[in-house]
Structures are given as structure tokens and as C-alpha cells.
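Working notes for the structure below.
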Amino acid sequence: MSIPSSSADELQSLPLLSRDRSFWGMIATQFLGAFNDNVFKQVVLLLCVEFYRQSEGADIYQSLAQAIFAIPFVVFSGFAGFLSDRTSKRTIVVLAKIAEIGVMLAGMFVFLMSDAQSVTVLYGLFAVLFCMSVQSAFFGPAKYGILPEMLREGDLPAANGIMQMTTFLAIIFGTAVSGIAKQGLSANQLWVINAFCVSIAIAGTMTSLLVRKTPVAHPGLEFRISTFGVNQENWKLLQGDRTLRGVLFVAALFWFLGGVILPTVNAFGKSQMEFNDRQTSFLVACVGIGIAFGCLLSGKLSRHRVRFGLVTIGTWGMIGSFVALSWLGVSGLPGGVVLNLGFVGLISLGFFSGIFVVPLQVFLQIRPPKDQKGRMIGTMNLVTWIGILLSAPFYYACSKACTSLNIGISWTFLITAVLMVPLGLFYRPSVAGSPKSIP
């Protein structure tokens, strides 16, 4: 089924994707923001693991950090989607980047004013993490919703592949830089990391100015209380579109699993295998390396079409990677061998994750009517972040179970593999009535 396209004149007026300064400005803005988020968040999570090791109990601190980061997305995603349809998405992008400067300054202040070796520093960092999440919650719908407004619809699979790839490249570099910096700095010097993040936030604000202005998608859109959740128009759309509902649920499951894996890899590396901060952060970064290449390949394989078959391929690849990672934790191999095989296993996990997620992202962008795209992206953020929020108590339960049974946290990888098996066996989105082709 073909997707309605813009008029020929409008298409002719748009530059080629490779020469579109506005598009590459948006990519740079997203890259720098994701880089900053992951530098700061990984420092916080590494500190959480240190206090977890001292407590000899379940990993409550990483679970709290995950929950604190997810709550603003659950609370504000619907309203952020409303704003992205009610005002110019470019305006929201610029204002969000300005807010990022203030958030990173607050993080630097916490490190300067607190003892990084005391657990009380985590409470200040959790407050900053919450503010960073609020800023990201408002940035998200505008970031993804602006692409259909500024690009040819036929360019969307490639554009999403590029955005997803560069986002996860930012995760790679941000996570790696975080581990290297924390390993090389004393506890009282950690403020330097946030000083660096402030400069990156300023650079991201400058690149956001390259993004061209886009028209307001829905001028005069009326505010309702339901705006903070799923608005009435989106409910009707979801009720009448089984394929869209399914894609939304599967996207939420994907990010639920992602919310479990990040703290699991940190705990597996730093606590179970006793790797240092740098090695543990490189393990996390390997997931991003794989996702970057998986997203790029998925965009290429789509060839201007939404190909749900890639979701099935990605699912079974992720299951196999999870099983292999779980085996590593009980293999009894030397630490150096486990580290190297862990790099391979996590790159594989990321690669199949990238294959998995791009078709879902493209479908959620192009399926809703033009005047509902921002709010549907907001709904997507709401649902997926509910998944991530639920991952926090799930990870804590896994951590507590592993501690009680005196087994390694790596068993959590096997649990996640089992959760994905029904998806691989039964999830087959209906082609009928779905936008299979993109002109």
C-alpha cells in the first residue's frame, strides 16, 4: 500500500539528503545530545555499581537510577507530543538544547559540592538525572517528528537508519569516554567530566540553529487533561489500527529489554567479573557499536519499504546473543577471554537490535496522519518509557534473585532470551492495510 506523498513541487524544493544542511544539523544535534546523556548517565551508573558492591545486597542503586530517568518520559511524553504538534518542532529542538546546558552545569555543581565517595552524592546526581530526563522527554517527539516534515517520505528509512546509527555511535563514544575519564580521574575530579559536557551542550545548541523552521503541524490544537496520557484522537487511531497497536507494544518490549540490559552489563562487568571502569564501559559501548551497524544495514535492506521480516530476523539474533552472553558468565573461562568474547557477544546483540528496531521506528513515523505525528511519537515515547520504567523493578528482582541463589547476574541474560521467544515464534504483523511501500 503506497503512502500519500507530498506534491511534486514540494519534493523538487527539498535538497538531496546527502546535501541537506538542515538534516545534517539535526543529526549533529542529536549526536551531541545523546553523547552527553550517556557520558553523564554512565558515570552515575558506575558509581551505583560501586555502592552496590559495598552493600553486598541486590543492585538497588542502578534500579533507582533507571526508574528516575524513566519517570519524566512517562509523565511528560504525552504533553511533549502535544507541544510538538502545537508549535514548531524546530523551536522545541533549540529550547531543549539550551536547557541541556543548564542541566550539565547542575551536574558539575553536584560533583563540586559533594563527596563522590559518599552515597549521598548519588541523591544529588539522581536529581540532575531527573532534570536531564525531563529535557530529553521534550526533545524526543520534536526530534523524530520533524523528520517527516523536512524530508521526502522515500528518504525516511535511510534517514532513520542514519539517525539511529549516529545515535548509537554517540552512545558508544559517550559510554567509552565516561569509563576512560572515570578511570583516570580521582573522586574529587569528577566535576571535570561535567565541565566537558557543558561544552558539548553549547556545541549542540549551535548545531540546532542549522535546522530549518518547519510549519506548525496543528495550529490551535486544544489542550486537554488527556494530553498528558494518550489523547482521544490517538486512542481512536490505535483502536482502529491493529498493526499500529502491535508495533507500539513490540517497541515498548524492545526498550523494556534494553532497560534491563544496561545495568546487567554494568553489574556483570564491574561486579561479577571485576573488570575496571574502562573495561566495563567498553562492554556497554559494544552494544552501541552493533546497533549502529545494524541500524545502517536495516535502513539499506528496507530499500524504501517497511520490511517487518527484519523484526523476526532481529528477534532470533538477539535471543542467540543473550544465550551466549549468559553462558559466558558460567563458562569458567579466564577473565581476559570472557572480556574479549563479551565484546563479540554484545556487538552481536546490538547488531540484531538495530536490525530489529528500524522498521518499527519508520512505521510509527509514517503511519499516523500528518497532524497527529507529533502526538503519536509522544504516545510512542510514553509507552516505551513505561516499558523502561518497568525494567527497573524487573532488573532489581533479577538482581535480588541472583544474590539470594548465589549465582552471577549474567543469568539475567538468559531470562531476557526466554522473554523474547514468544515474539520470535508468533509476531507476524499483517501486511494488509499497512504502509508497506514508501514512494
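Please treat every number below as a calculation from the coordinates, not as lab data. Since we're looking at a predicted model, the values are computed, not measured. Here the Cβ positions follow ideal geometry from the backbone for every residue, glycine too, while neighbour counts run over all protein chains shown.
Using the Cβ-Cβ distance between I180 and L333 with R0 set to 30 Å, the FRET efficiency works out to roughly 0.75.
Roughly how many whole Å is it from the C-alpha centroid of region 145-190 to that of region 231-280? Taking the Cα centre of each part, region 145-190 and region 231-280 sit 17 Å apart.
Between 0 and 90 degrees, the angle of helix 411-426 with respect to the longest Cα principal axis of the chain falls at about 30 degrees. Among F282, F343, the ranking by other beta carbons within 10 Å of each residue's beta carbon, starting with the fewest, stands as F343, F282. 3J(HN,Hα) couplings calculated from phi for region 65-77 with the Karplus curve 6.51 cos²θ - 1.76 cosθ + 1.60 (θ = phi - 60°) are, in sequence order, 4, 4, 5, 5, 6, 7, 4, x, 5, 5, 6, 9, 4 Hz; Gly and Pro show x.
Entry note, the chain: relative contact order of 29 percent, from Cα contacts under 8 Å with a spacing of 6+ residues. Exceedance of the 21 Å cut-off in Cα-Cα distance is limited, within the set K213/K236; K182/K400; K41/K300; K182/K270, to K213/K236; K182/K400; K41/K300. Which angle between 0 and 90 degrees, to the nearest 10, do you get for helix 21-55 versus the longest principal axis of the chain when only C-alpha atoms count? Tilt relative to the chain: about 30 degrees. The alpha-carbon atoms of region 55-105 define a convex hull whose volume equals 81 cubic angstrom per residue.
I'm spelling it out carefully: the read-out is Rg and Dmax of the Cα atoms in Å, the candidates are (1) 20.5, 58; (2) 20.9, 73; (3) 21.0, 66, and one was derived from this structure. Which label? Computing Rg and Dmax of the Cα atoms in Å and matching it to (1) 20.5, 58; (2) 20.9, 73; (3) 21.0, 66 gives (3). A simple count of charges around S178, restricted to other residues whose Cβ falls under 10 Å of its Cβ and scoring Lys, Arg +1 and Asp, Glu -1, yields +2. Model label sites at R19 and V418, defined 7 Å from Cα along the beta-carbon direction, differ in position by 5.7 nm.
Using the Cβ-Cβ distance between M206 and A127 with R0 set to 35 Å, the FRET efficiency from 1/(1 + (r/R0)^6) comes to roughly 0.80.
Only DSSP H runs of four or more residues enter the estimate; each adds -39500 (n - 2.57), and after division by the residues of the chain the mean residue ellipticity at 222 nm equals -26500 deg cm²/dmol.
Centroid-to-centroid, using Cα positions, region 40-85 and region 326-357 are 24 Å apart.
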